[in-house]
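K.L.:
Please see the structure below; I have some questions.
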Amino acid sequence: NNIARQTIANDGAVTLPTQPSFSAYRSSSTSYSVNTDLVFNAEKYDVGGNYNTSNGIFCAPVAGVYLFTATILADSSGAGYEYDCVLKSSRGNVNSHYFGNPGRTEYQDGTSWGDGYIALGISQIVKLEAGEDISCSFTTFGGGSIYGDSNGQWTRFSGHLLG
């Protein structure tokens, strides 16, 4: 099985070059609707090819414990707009939803550079079964768009099999 393959360097460093992992990002801004999975449409890398840039879903190739992180930048926010970031499993029940910190965030009007932008982040350790899907959803009570850029610096999603 390629997933268990490790490399030990002369200096003693142990690497797992075939360990499933990915880093995807949103390459351009896009509109969104409430409770719709975000599609991070470009990748920096995808070891194992388990993340789908067409639908925004990562499919676990093996059962295990995974670490997922996401950062989402909302653009064109306004006063009173509220946002949640959540990881959703294909199990589909409320116990398989993992909400980000600090939880719901509300945009506050400001008078300096960056007005209209609000950023959310999430990191979660999740136990998945082989073949189980996970996606990132951005829920909102307000409006705006999801900001994307060709460098993948602002809106991104990544995951890694821990073991």
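K.L.:
Say we look at the range 22-36 and pick out the residues that are within 16 Å of Cys59 (Cα to Cα) and among the hydrophobic types (A, V, I, L, M, F, W, C); which of these is surrounded by the fewest Cβ atoms within 10 Å (Cβ to Cβ)?
P.N.:
Phe22
K.L.:
Among (1) at pLDDT 70 or above; (2) surrounded by 13 or more Cβ atoms within 10 Å (Cβ to Cβ); (3) within 18 Å of Ser29 (Cα to Cα), where does Gln153 come up short?
P.N.:
Evaluating Gln153 over (1) at pLDDT 70 or above; (2) surrounded by 13 or more Cβ atoms within 10 Å (Cβ to Cβ); (3) within 18 Å of Ser29 (Cα to Cα) leaves (2) as the failure.
K.L.:
I'm told Gln19 meets every condition in (1) of a type in the set (S, T, N, Q); (2) under 12 Å from the mean Cα position of the chain (by Cα); (3) open to solvent by less than 40 Å² (accessible area, probe 1.4 Å) except one. Can you identify the failing condition by its number?
P.N.:
So the condition that Gln19 fails would be (2).
K.L.:
Still on this model: In the range 33-47, which residue that is in a loop (DSSP other than H, G, I, E, B) and under 16 Å from Ile122 (Cβ atoms) is farthest from the chain's Cα centre (by Cα)?
P.N.:
Ranking the candidates gives Asn35 first.
The values are calculated or read from the model by the stated rules, or taken from the named source; none is laboratory data. What you are looking at is a predicted structure, and each value in this text was computed from that prediction instead of being measured. Cβ: placed from backbone, ideal geometry, glycine included. Neighbour counts: every protein chain shown. The protein model used for the area step is the full one, side chains on, heavy atoms only, and it has no ligands, DNA or RNA in it. Shrake-Rupley method; radii C 1.70, N 1.55, O 1.52, S 1.80 Å.
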